[in-house]
Amino acid sequence: MATPDIDRVISIVLEEVSALTRQGASQRCSCHALHAACCPTRVAPVLDAGASRLGLYATGGHAGDVASLIDHTLLRPDATRREIETLCREAVEFGFATVCVNPAWVAVCAALVRGSRVQVASVAGFPLGATTPDVKQYETRRALFDGAHEIDMVINVGALKSGDLHLVERDIEAVTSVCRECGALSKVIIEAALLTDEEKVTACTLAKAARADYVKTSTGFGPGGATVADVALMRRVVGEEMGVKAAGGVRDLTSAQAMVAAGATRIGASAGVRIVQESRKGAPA
C-alpha cells in the first residue's frame, strides 16, 4: 500500500504546531484562550447577521440548502429495521445528503434510497477506532460492496496520543486508498474531545496527507461532540480543499448554523428532520 512519506508528514505536523505556538497569547481571544480566528464569540455576530459561512466559505446560503449538508444519522447499536426504514424515508423526503448507518444496514439502505439523490454513508473502526488498519480496510471494502458511497472512519486515538504518527497515517490510508479506488468519499473522525489542540492539528494534518476528503469532529459516542472552536481549528488546518464534518450534539438549526459558520461543510445529526423543519419555518414565503 502506497503511503505518504512519514518524514514529510511529521515535518508538516511540526510546522503546524509551531505556528500555533508562535501565535502566542497576544493573538488569542481572552474569552476562550483560543486563536482569534477560532473564537466562538467571534462567530456570533456573523450568525446574527444571517451569514451561513465565514471567510472563504461566505456563500450567503438559504434555508433550502440546509438539508443537503446533513448526513441523516442512526448509529445506535439497538436500531431496528423499522427505524432504519424511517431514516431512509425521511432522507428521501427532506433531501438529505446521506443516511449514515452501521455496516450491517448498508445493503438495506442502498435498496431503500435507490433512485433518489440520497447516498449511503457507513463507518469503519466505529466507534473506538481501536481496530487494526487491515480490519478497517476490510470494513470499508465490504461497506462499499454493499452500496455505500461514503465512509466515516475513526482514527486510532491511542496511537495518536502515544506519538505513533506512522501507525495513525497507515490507519487512515488503509481506508482512504480503498475509497479513492472505488470513487467513494472518505471522512476521518478524530474524536476531538479526547485530544489536545496540538493533537487535533496533528490528526487533521495526517488526514490531509492521506488524501482524505473530510475531517470529522466526533463519533457522537465519545465524551463530547462537535464544538464551534474545534470546527474552526480543523478548517484552518485543512484549508479550503477538504471538507469538515461537525457531528455529535448538533440538535437544532442554531447549532447547525454555528458549525457551518465556523467552516463545516457537512453536518452529522440524528435530528436532521427538526433542523430542516426549523429552517423552513424561517424561510421567506
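The values are calculated or read from the model by the stated rules, or taken from the named source; none is laboratory data. Being a predicted model, the structure only gives us computed values, none of them experimental. Because the Cβ atoms are built from the backbone with ideal geometry, glycine has one as well, and the counts that use them run over all protein chains shown.
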Does at least one position in region 246-262 carry a residue that is at pLDDT 95 or above, closer than 14 Å to D71 by Cα, of a type in the set (G, A, S) and out of contact with any Gly (no Cβ under 8 Å at 6 or more places or on another chain)?
yes
Criterion violated by T227 - all others in (1) more than 23 Å from W105 (Cα to Cα); (2) touching a helix residue (DSSP H, G or I) at 6+ places or on another chain (Cβ under 7 Å); (3) in contact (Cβ under 8 Å) with a residue 40 or more places away in the chain satisfied
(2)
Residues located in region 91-103, provided they are within 21 Å of the chain's Cα centre (by Cα) and part of a helix (DSSP H, G or I)
A91, F94, P103
So, in region 207-223, exactly how many residues are touching a Pro at 6+ places or on another chain (Cβ under 7 Å) and either polar (S, T, N, Q) or assigned to a loop (DSSP other than H, G, I, E, B) (or both)?
3
Set G129, G163, G147: member being on the phi > 0 side of the Ramachandran plot and either surrounded by 24 or more Cβ atoms within 10 Å (Cβ to Cβ) or within 18 Å of the chain's Cα centre (by Cα) (or both)
G129
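Quick grid of which residues meet (1) under 22 Å from G272 (Cβ atoms); (2) in contact with a Pro (Cβ under 8 Å, 6 or more places away or on another chain):
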site: A79; (1), (2): yes, no
site: E83; (1), (2): yes, no
site: V113; (1), (2): yes, no
site: R117; (1), (2): yes, no
site: V120; (1), (2): yes, no
site: L128; (1), (2): no, no
site: D134; (1), (2): no, no
site: E139; (1), (2): no, yes
site: G158; (1), (2): no, no
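Of all residues in region 48-88, how many are modelled with pLDDT under 95 and of a type in the set (D, E, K, R)?
So the count comes out to 3.
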Could you look through region 62-90, keep only residues that are assigned to a helix (DSSP H, G or I) and either polar (S, T, N, Q) or touching a Lys or Arg at 6+ places or on another chain (Cβ under 7 Å) (or both), and pick out the one that is farthest from A269 (Cα to Cα)?
A63
Would you say T227 is of a type in the set (S, T, N, Q), under 11 Å from L69 (Cβ atoms), surrounded by fewer than 24 Cβ atoms within 10 Å (Cβ to Cβ) and modelled with pLDDT of 95 or more?
no
Kindly evaluate A226 against the criterion of being in a loop (DSSP other than H, G, I, E, B) and either polar (S, T, N, Q) or under 14 Å from the mean Cα position of the chain (by Cα) (or both).
yes
Filter region 240-256 down to the residues that are surrounded by 24 or more Cβ atoms within 10 Å (Cβ to Cβ), farther than 24 Å from R211 by Cβ and not small (G, A, S) and list them by number.
V250
Given (1) crowded, with 23+ Cβ neighbours inside 10 Å; (2) polar (S, T, N, Q); (3) under 11 Å from the mean Cα position of the chain (by Cα), index of the condition T265 fails
(1)
Sort out which residues of region 168-188 are surrounded by fewer than 18 Cβ atoms within 10 Å (Cβ to Cβ) and either closer than 8 Å to P133 by Cβ or basic (K, R) (or both), and write them in order of number.
R180
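Scan region 229-254 for residues that are in a loop (DSSP other than H, G, I, E, B) and either within 15 Å of T265 (Cβ to Cβ) or among the acidic types (D, E) (or both) and report the count.
Adding up the residues that qualify gives 6.
Among the listed residues V157, V201, V188, identify the single one that is touching a residue at least 60 places away in the same chain (Cβ under 8 Å), closer than 20 Å to A247 by Cβ and aliphatic (A, V, I, L, M).
Unique residue meeting the criteria: V201.
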